[in-house]
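Chemist: Please see the structure below; I have some questions.
Every read-out reported here was derived from the displayed coordinates using simple, explicitly stated rules and does not represent laboratory data. For clarity, every value in this text was computed on a predicted model and none was experimentally measured. Positions of Cβ are backbone-derived with ideal geometry, glycine not excepted, and every protein chain shown enters the neighbour counts.
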Amino acid sequence: MTGYDRKFLLGMYERMVLIREFEDAVKFLFLEGTMPGTIHQCQGQEATAVGVCTALSSDDWITSTFRGHGHALAKGLGPQELMDELFGAETGCCKGRGGSMHVGNMSKGMVPGIAIVAGGIPLAAGMALSFKLENKPHVVASFFGDGAIAEGAFHEGVNMAAIWNLPLILVCENNLYGASTHVDLVMKNSRISDRAKSYGFRGETVDGNDVLAVYEAAQKAVAECRAGHGPVLLELLTYRRTGHSRRDPCHYQPKDEREAWTQRDPIERFAARIQITAEEHELINTRVQKTLAAAVERAKVAPHPSASDLAEYVYAEASPRPSALNEQLNPVVSAGGSTRRLGIAEALREGITEEMAADPRVFCIGEDIGVPGGWGGAFTVTLGLEKRFPERMINTPIAELGFFGLATGAAMMGMRPIADVQYGDFLFLASDQIINNAAKLRYMSGGTISVPLVMRAPVGATGRGSQHAQNMERYFTGVPGLKVVAPSNAYDAKGLLKAALRDGNPVLMFEHKLLYGSKGARAEGGAVDASSDVPLDDYVVPIGKAAIRREGKRVTVLAWLLMVHYAMQVADELDAEVIDVRSLSPIDWETIGASVRKTGHAVIVEEGPVTGGVGAEIAAGIAERWPSVRVTRVASPDVPVPFTPVLENAYRPNADRISMGVRQILEESHG
Amino acid sequence: MDVNMKMPDLATNEGVELGVTRWLANVGDPVKRGQALLEIETDKAVQEVECIANGTLTTIHVQSGQKVAVGTVIATIKVS
Ligand SMILES: Cc1ncc(C[n+]2csc(CCOP(=O)(O)OP(=O)(O)O)c2C)c(N)n1
Ligand SMILES: [Mg+2]
């Protein structure tokens, strides 16, 4: 073996032995029935993890999958923190909140495993994007299986990594099977590295059971990425010598295939290649066995989280950017100071501009947002910003799943992305990254990750038929880890946007198309004036606070977005107290409670189907807390949003229907 | 030292008993961790179960044809 130091070679050998023995120990703990949960193990694939991670430095990063024990040990996590995590202990690398499928440790450069097939790829690309934007020398290696190739997340993440030359090594562990399905059944061309060329970068197939071959290929890829010539796709051919998960007897792996791969076992091959001596082997083996025996003994008695800590680590508490801003709960105009009249689109644009100027970590990412002569997004909010911030207006391909993943990855690395969709309806495509990654990473990592990600989405029925019209609030309000706001005027829009950027958690802001006040070609028919006197001074509108738009005595009308404006049209004649809920998650029960206890009647107005809406949640919340209050809802019927104006108008609650709903509840309780 | 090997939790459904169909080693045989030690029948399939330790198989507690609950001791291995 020329060119390599003996110590280096033995180090790689020991890592592989440690992984194999760790996995076997865990397997037998399962067979014994001592370990909870399920496991996905990597016996036979040790060379891919060790070869790649040896080529990385300690401040480089990896993302992993449900099959991540080997990646973790190769990246430098200790067997103890890993074993503890598998036992669900507080001392585990994710404090027992992650478990086998989500092992990781941010202080060691490993994001908790992403167990959604291919879900880690856009995330890794976003981490790489942050390194590029911040001129950091790090690279990211993203591990995934052959099964990931068929997912849209692979295509979207890889394409963006390619167009922006991101420092990302795409490490495909091709072990011939996705669960029980052979690659030949799901790919016409099963040479996975060929894919790279079609995206315009370099791919290579490597013997993944030859740790030196993997190491050398990874080293080359790292050098290319550091030099700005990423990404690189490495297809590592390997084989899983154990079941897909713990109960899988592998009956789909033909015996001769298994035997052929047994002959190519990465550890035995390397031992032969470096001509390991009996003494060296003995020394390493004894050390590994001792370490693991101790780890198992300690993990079995490691302390578990207490049940009272169940809700810990859902949200980040500390504000990531200390600020001495005016906080105003319910202003019409700011106290003192001068103001101007702005529409929502203008106010948002101003807020984004100020934040980008103040904080180099803030950037925008979305479709059609940074093209000179373009639109400034679908509703002109980012119009012209590319002139001032050419590097920080990231104009994406049409790939919502991908770029929400990139935004999440960048946020996780400390950036402050603002990601927007052109129409809220497209959030369904992005929802895996929003719900499974952005909202959960803090929890799964035992509170070590923050995702300060701001997301913006226009909603509302506006003459565009069923797929550019839905009120999406309902789908995101019940997601732990996520905050949701919905401003009805320009003052709130700017103030909530600023609060969101300083929050430290993922915040999704819904905006209504009829309220933007967009001008020119992007003006909307039926638009409602939502302009406000917006202060010149810096201010935020705190998340989690509702606003009383009109005080009244007889009934409380709860609304948000467009419905606030319609409710206000009939509030005087009904003597209604109108509450702009505005923060849909968390909900401000204090303000709502004070009002409904006073009026005894609550009418919740929602644009969107009545069944399963946010209104249902508010109604239940009121009924549970103040059972004597009468509650009803005014909402859309349970139909898709129609196109033809006559039906669309019947679909969307209006002032008359609100008035009718209020009169009905008042009559019922008095008659 | 004696290591007790238990019936592994390989059933798809909770609470079903698993049957030993065949022992692949005899009492007194030297055994190695990872070698197929017996065959069991789950509610899903017949599959092999790997030995969990290196040593000598000293006792077989559950004979082929018998069904037992997950966690029942099925064999004892004397570890050298
Ligand atoms: C989006 C998604 N679909 C399905 C699954 C269920 N599942 C878990 S692992 C797996 C197979 C993955 O195969 P591959 O990517 O080749 O990785 P390997 O298991 O071979 O390491 C499947 C289908 C999942 N976790 N995520
Ligand atoms: Mg696979």
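Chemist: Given the options B:Ala53, B:Ala45, B:Ala25, which has the most mean-square fluctuation in a GNM of chain B, springs set between C-alpha atoms less than 10 angstrom apart?
Modeler: In this elastic network of chain B, the residue with the biggest mean-square fluctuation among B:Ala53, B:Ala45, B:Ala25 is B:Ala45.
Chemist: Now a separate question. Please work out the Cα center distance from the stretch A:381-418 to the stretch A:474-527, rounded to the nearest Å.
Modeler: 17 Å
Chemist: Kindly express, to the nearest 10 degrees and within the range 0 to 90, the angle between helix A:344-358's C-alpha long axis and the longest C-alpha principal axis of chain A.
Modeler: Once rounded, one gets 40 degrees.
Chemist: Using only the Cα atoms of the protein assembly as shown, what are the Rg and Dmax in Å?
Modeler: My reading of the Cα-based Rg and Dmax gives 29.8, 96 Å.
Chemist: Still on this structure: Calculate, axis by axis, the spread of Cα positions in the stretch A:487-597 along the three principal axes, and write the results as whole Å, longest axis first.
Modeler: Between the extreme Cα coordinates on each principal axis of the stretch A:487-597 lie 41, 37, 24 Å.
Chemist: Which of A:Thr242, A:Thr291, A:Thr611 comes first, and how do the rest follow, when ranked by fewest Cβ neighbours within 10 Å? Walk me through the intermediate numbers first.
Modeler: On the way: A:Thr242 19, A:Thr291 16, A:Thr611 13.
Ascending Cβ contact count within 10 Å gives the list A:Thr611, A:Thr291, A:Thr242.
Chemist: All other residues with a Cβ under 13 Å from the Cβ of B:Val20 taken together, and with Lys, Arg as +1 and Asp, Glu as -1, what is their net charge?
Modeler: Details: positive: B:Lys6, B:Arg22, B:Lys67; negative: B:Glu17, B:Glu39, B:Glu41, B:Glu48.
The answer is -1.
Chemist: Please work out the C-alpha center-to-center distance from the stretch A:179-255 to the stretch A:51-129 and express it in whole Å.
Modeler: What the calculation gives is 19 Å, centre to centre.
Chemist: Quick one: Kirkwood hydrodynamic radius for the stretch A:383-431, alpha-carbon pairs, angstrom, one decimal? Don't skip to the end; give the middle numbers.
Modeler: On the way: mean 1/r = 0.0852 Å⁻¹.
After inverting the pairwise mean of 1/r, the radius is 11.7 Å.
Chemist: Sticking with this one: Within 10 Å of each candidate Cβ there may be at most 15 other Cβ atoms; applying that plus a DSSP loop requirement, which GluC sites (Glu not before Pro) in the stretch A:1-84 survive? Mind dumping the intermediate values first?
Modeler: Values: sites: A:Glu14, A:Glu21, A:Glu23, A:Glu32, A:Glu46, A:Glu81; in loops: none.
Taking the stretch A:1-84 and a limit of 15 other Cβ atoms within 10 Å, no loop GluC sites (Glu not before Pro) are found.
Chemist: Counting partner chain Cβ atoms within 10 Å of every residue's Cβ in B:29-35, what's the average? Could you put the intermediate results ahead of the total?
Modeler: Numbers: counts 0, 0, 0, 0, 4, 5, 0.
Mean inter-chain Cβ contacts per residue within 10 Å come to 1.
Chemist: Can I ask one more? Under a Cβ-Cβ cut-off of 11 Å, what is the net charge of the residues other than A:Ile434 that fall near it, where Lys and Arg count +1 and Asp and Glu count -1?
Modeler: Values: positive: A:Lys440; negative: A:Glu400, A:Asp432.
Neighbourhood net charge equals -1.
Chemist: Taking the Kirkwood radius as the inverse of the mean 1/r across Cα pairs, report the Rg/Rh of the stretch A:181-262.
Modeler: Details: Rg = 15.6 Å, Rh = 14.8 Å.
On the Cα set of the stretch A:181-262, Rg over Rh gives 1.06.
Chemist: Further question: Count the DSSP beta bridges whose two residues both fall in the protein assembly as shown, then state the antiparallel fraction as a percent rounded to the nearest 5. Show your work: numbers first, answer last.
Modeler: Values: 34 of 93 bridges.
Given both bridge residues lie in the protein assembly as shown, the antiparallel proportion sits at roughly 35 percent.
Chemist: Right, next: What is the average number of partner chain Cβ atoms found within 10 Å of a Cβ in A:22-34?
Modeler: On the way: counts 0, 0, 4, 2, 0, 5, 9, 1, 3, 10, 9, 7, 2.
Partner Cβ neighbours, averaged per residue: 4.
Chemist: I want to verify the translational diffusion coefficient of the stretch A:6-300 in µm²/s; compute it with Stokes-Einstein, Rh as the Kirkwood radius over Cα pairs, at 20 °C and 1.002 mPa s.
Modeler: Values: Rh = 19.0 Å.
Here the translational diffusion coefficient equals 113 µm²/s.
Chemist: Report the equivalent ellipsoid semi-axes for the stretch A:550-670 in whole Å, largest first, defined as the square roots of five times the eigenvalues of the gyration tensor built from alpha carbon atoms.
Modeler: On the way: eigenvalues 100, 51, 33 Å².
Taking √(5λ) for each Cα gyration eigenvalue gives 22, 16, 13 Å.
Chemist: Another question, then. With the alpha-carbon atoms as the only input, what is the per residue convex hull volume for the stretch A:75-134 in Å³? Present the calculation step by step, with values, prior to reporting the outcome.
Modeler: On the way: hull volume 5.0 nm³, N = 60.
Per-residue hull volume (Cα only) is 83 Å³.
Chemist: Still on this structure, please answer the following. Within 10 Å of each Cβ in B:47-60, how many Cβ atoms from other chains are there, averaged over the peptide?
Modeler: For this peptide, the per-residue mean of nearby foreign Cβ atoms is 2.
Chemist: Over chain A, calculate the relative contact order: mean separation of alpha carbon pairs under 8 Å at least 6 apart, over the residue count, as a percent. Present the calculation step by step, with values, prior to reporting the outcome.
Modeler: Details: 1510 pairs, mean separation 77.9, N = 671.
Taking the mean separation of contacting Cα pairs over the length of chain A, I get 12 percent.
Chemist: Shifting gears a bit: Quick check: convex hull over the Cα atoms of the stretch B:2-65, volume per residue in Å³, rounded to an integer?
Modeler: Values: hull volume 5.1 nm³, N = 64.
Spread over its residues, the Cα hull of the stretch B:2-65 gives 80 Å³ apiece.
Chemist: Still on this model: Would you compute, from DSSP H runs of 4+ residues alone, the mean residue ellipticity of the protein assembly as shown at 222 nm, taking -39500 (n - 2.57) per run and dividing by the full residue count, rounded to the nearest 500? It would help to have the intermediate numbers written out before the result.
Modeler: On the way: 24 runs with 259 residues, N = 751.
Computed mean residue ellipticity for the protein assembly as shown: -10500 deg cm²/dmol.
Chemist: While we're on this one: Give me the net charge of B:Leu10's neighbourhood, meaning all other residues with Cβ under 15 Å from the Cβ of B:Leu10; Lys, Arg count +1, Asp, Glu -1.
Modeler: Working: positive: A:Lys27, A:Arg246, A:Arg247, B:Lys6, B:Lys44, B:Lys67; negative: A:Glu32, A:Asp248, B:Asp9, B:Glu14, B:Glu17, B:Glu39, B:Glu41, B:Asp43, B:Glu48, B:Glu50.
Value of the local net charge: -4.
Chemist: Alpha carbon centre of the stretch A:142-171 versus the stretch A:624-671: separation in Å?
Modeler: Between the Cα centres of the stretch A:142-171 and the stretch A:624-671 lies a distance of 47 Å.
Chemist: Could you rank the peptides A:49-55, A:306-312, A:540-546 by their average count of other C-beta atoms within 10 Å per residue, with the highest value first? Don't skip to the end; give the middle numbers.
Modeler: On the way: A:49-55: 27.3, A:306-312: 9.7, A:540-546: 20.0.
Packing proxy ranking, top to bottom: A:49-55, A:540-546, A:306-312.
Chemist: Measure nothing fancy, just the Cα-based angle from helix A:562-574's long axis to the longest principal axis of chain A, in degrees from 0 to 90, nearest 10.
Modeler: It is inclined by approximately 30 degrees.
Chemist: Relative contact order (percent) for the stretch A:341-540, with alpha-carbon contacts under 8 angstrom and 6 or more residues of separation? Spell out each step's value before the answer.
Modeler: Working: 427 pairs, mean separation 49.1, N = 200.
Reported relative contact order: 25 percent.
Chemist: Quick check: convex hull over the Cα atoms of the stretch A:332-485, volume per residue in Å³, rounded to an integer?
Modeler: Values: hull volume 22.9 nm³, N = 154.
Here the figure is 149 Å³ per residue.
Chemist: Quick one: order A:Met413, A:Met660 by neighbouring beta-carbon count within 10 Å, fewest to most.
Modeler: Values: A:Met413 23, A:Met660 13.
Ascending number of Cβ neighbours within 10 Å: A:Met660, A:Met413.
Chemist: Could you work out the relative contact order of the stretch A:155-278, using alpha carbon pairs under 8 angstrom and six or more residues apart, expressed as a whole percent? Write down the numbers at each step before the final one.
Modeler: Details: 155 pairs, mean separation 40.4, N = 124.
Relative contact order here is 33 percent.
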